[in-house]
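Colleague: Mind having a look at this structure? Questions to follow.
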Amino acid sequence: MTHICNKMNRRAFGGGALAIVLARPAFALTADDATAFIKRLISDIYSVINSGAPETAMIRQFEELFVRYADVQIMAQYALGVDARSATAEQKSAFNSAFATYIAKKYGKRFRQFIGGRIEVEGSRKIKAGFEIKTTAYLKGENPIEVIFLVSDKSGELQFFNMFLEGVNLLLTERSEIGSMLDMSGGDLNATIRELSKAG
Amino acid sequence: MSLGNIKRSSPRALIVIALIAGLAGCSGAGRVQPTGIDDPHEQSNRKVHNFNKKLAGSGNGSGLAHAVPMGIQTVVHNIAENLSMPQVAVNSALQADVKGFGIASYRFLTNTVLGVGGIADVASEFQIPKHDTDFGETLYVWGASEGPYYELPFVGPSTGRDVAGRAVDLFTNPLSYVLPRPEKYIGTATGFADSVFKNSRRSDAINDVLQGSTDSYSQARLIYLQKRRYELSRRTGAPVTYDDPYLQ
């Protein structure tokens, strides 16, 4: 047993060290970079909201923003959970794009509430994967909502990989929702992908 | 609060003290924030959930919010909030939250006197922050564990600890021991009306989530537990540590 453990530790350590060398970006991510990145994202979201375009057009634009600013691959993989391991490459890429459409539709509809409001960046904090950026959304006639973005450059570029609204973890919540879809379809990933692109 | 009032309501007060003492018996465990879901009553909870969902989907809710002018809804909200402040002060004191106790007391005095019985929220004009708490939070501070998940009719998701908290809060509003009948019911009535209005203003958003979800019961459960745990830990808790999906 000890022998196996040692062997595994050694292997894990080797893999980890290699991963660090490979994933290390040319310049270290700073809190200022991460904050500026989220400020750009917020201003881009607001220019879509204030454009006055019809909802379907807005949601298409939100999807473009999501794909540009978020690490869709890692988010989709987390949301799919253990089923991601047995998925084929085609299934994974189909799932990723269905996931992006779903998120844009589901959360884009809520952005209507943001009309006439504002989002302010409160501060940043170093976390293991990168930075936590804390913001407050001030919506008309509502109590302020705390919105947290988790930002990382582990994918090779600066992207956000999770969001928390008043403590509600987006990835965890969507992992549960997608898990329910998988249960409903008896674990059929292709059916779930079709369901996901219609849902939201 | 005059002595005569305490004496008159002493049997009730004794029951409450006994209840608190009983519940406090489970304290001392320290504030451990659970991450899992403990739902042994899932079957009956799901039945209640279907009932609540039908209620939300009936459309009565949002109709009410549209029918009653916003000005009236605001006044009802102000009165209800102001009348809840003595209880917030008591719970803050039980939590040894000096700042919360100060805010609640100061808000109650300011709004009762200058806001004409709480009709106007003068305290907010003076930039006094808002403060809200309940006996469920007091139990959390005392170290009571979260208990199983419950979905209550009309009220929605809750936990064992919060159900006990609600029960105690029903009987421990200091105002109900000081005010004569029927004035002492104003707080309860406006509180109820305010939560009905609030629910109906929100019901569009909630409906979207409930109707759109594949399993709205588990979504409501997960969202509630995350939100409540966050609410409870944000005043006292250590900074959150996050799952790192890049390591999986």
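Readers should treat all values here as calculations from the given coordinates under stated rules, not as data from a laboratory. Bear in mind that the values here come from a model prediction, so they are computed numbers and not experimental data. Don't worry about glycine lacking a Cβ; one is built from the backbone with ideal geometry, like all the others, and counts go over all protein chains shown.
Colleague: Using packing as a proxy for protection, rank A:182-188, B:89-95, A:66-72 so that the peptide with the highest average count of other Cβ atoms within 10 Å comes first.
Modeller: Result, highest mean Cβ count within 10 Å first: B:89-95, A:66-72, A:182-188.
Colleague: Ok, one more. Using a simple charge model, +1 on the beta-carbon of Lys and Arg, -1 on the beta-carbon of Asp and Glu, nothing else, what dipole does chain A show about its Cα centre, in debye to the nearest 20?
Modeller: 400
Colleague: Mind checking the mean number of beta-carbon atoms from other chains within 10 Å of the Cβ atoms in A:176-182?
Modeller: That works out to 5 on average.
Colleague: Under 8 Å for C-alpha pairs, at least 6 residues apart: give me the relative contact order for the stretch B:39-234, rounded to a whole percent.
Modeller: Averaging sequence separation for qualifying contacts and normalising by length gives 29 percent for the stretch B:39-234.
Colleague: Okay, next question. Going Cα to Cα from A:LYS92, which lysines come in below 23 Å? Please leave out same-chain ones fewer than 8 positions away.
Modeller: Counting by Cα, and skipping residues close in sequence, A:LYS92 has these lysines nearby: A:LYS105, A:LYS106, A:LYS154, A:LYS198.
Colleague: Just to confirm my numbers, what's the Cα centroid distance between the stretch A:123-200 and the stretch B:134-180 in Å?
Modeller: Result: 31 Å between the Cα centres.
Colleague: Using the Cα atoms of the stretch B:39-234, I'd like the radius of gyration and the largest Cα-Cα distance, Dmax, both in angstrom.
Modeller: Calculated on Cα positions, Rg and Dmax stand at 17.7, 50 Å.
Colleague: Continuing with this model, one more query. Does anyone have the angle between helix A:189-198 and the longest principal axis of chain A? Alpha-carbon axes, 0 to 90°, nearest 10?
Modeller: Roughly 10 degrees between the two axes.
Colleague: Using label points projected 7 Å from each Cα along Cα→Cβ, tell me how many nm separate A:ARG112 and B:PHE126, to one decimal.
Modeller: 4.0
Colleague: I would also like to ask the following. Rank by packing, highest mean first: peptides B:162-168, A:80-86, with packing defined as the count of other Cβ atoms within 10 Å averaged across residues.
Modeller: Ranking, from highest mean packing down: B:162-168, A:80-86.
Colleague: What FRET efficiency would be calculated for the residue pair A:LYS128, A:ARG194, taking the C-beta separation as r and a Förster radius of 35 Å, to the nearest 0.05?
Modeller: 0.50
Colleague: Give the angle, between 0 and 90 degrees and rounded to the nearest 10, that separates the Cα long axis of helix A:31-49 from the longest principal axis of the Cα atoms of chain A.
Modeller: Its long axis makes an angle of about 40 degrees.
Colleague: Which one of A:PHE161, A:GLY200, A:ALA137 has its Cα pushed farthest toward the positive end of the charge dipole of chain A, where Lys and Arg give +1 and Asp and Glu give -1 at the Cβ?
Modeller: Farthest along the dipole direction, towards plus: A:PHE161.
Colleague: How would you classify chain A from its alpha-carbon gyration tensor, with a ≥ b ≥ c the square roots of the eigenvalues: rounded for a/c under 1.5, else prolate if a/b is greater than b/c, otherwise oblate?
Modeller: Oblate.
Colleague: Just grab the label-to-label distance for A:VAL67 and B:ILE186, each label 7 Å out from Cα along the Cβ direction, in nm (one decimal).
Modeller: A separation of 6.0 nm, rounded to one decimal place.
Colleague: Next question. Among B:ALA93, B:ILE79, B:LEU222, flag the residue with its Cα farthest along the positive direction of the charge dipole of the stretch B:39-234, charges on Cβ as +1 for Lys/Arg and -1 for Asp/Glu.
Modeller: The Cα lying farthest towards the positive end belongs to B:LEU222.
Colleague: Nearest 20 debye, what's the magnitude of the dipole of the stretch A:80-137 about its Cα centre given +1 on Lys and Arg Cβ and -1 on Asp and Glu Cβ?
Modeller: Roughly 160 debye for the stretch A:80-137.
Colleague: Can you give me the distance in nm between label points at B:VAL178 and A:ASN50, each placed 7 Å from the Cα along the Cα-to-Cβ direction?
Modeller: 4.8
Colleague: Taking each residue in A:124-131, count the Cβ atoms of any other chain within 10 Å of its Cβ, then average. What number comes out?
Modeller: Mean partner shielding for this stretch: 3.
Colleague: Right, next: To the nearest whole number, what is the average tally of beta carbon atoms from other chains within 10 Å of the beta carbons of peptide A:167-173?
Modeller: For peptide A:167-173, the averaged partner shielding equals 6.
Colleague: Hey, another quick one. Looking at the stretch B:103-174, which chymotrypsin sites (Phe, Trp or Tyr not before Pro) are in a loop (DSSP not H, G, I, E or B) and have at most 14 other Cβ atoms within 10 Å?
Modeller: B:PHE126, B:PHE154
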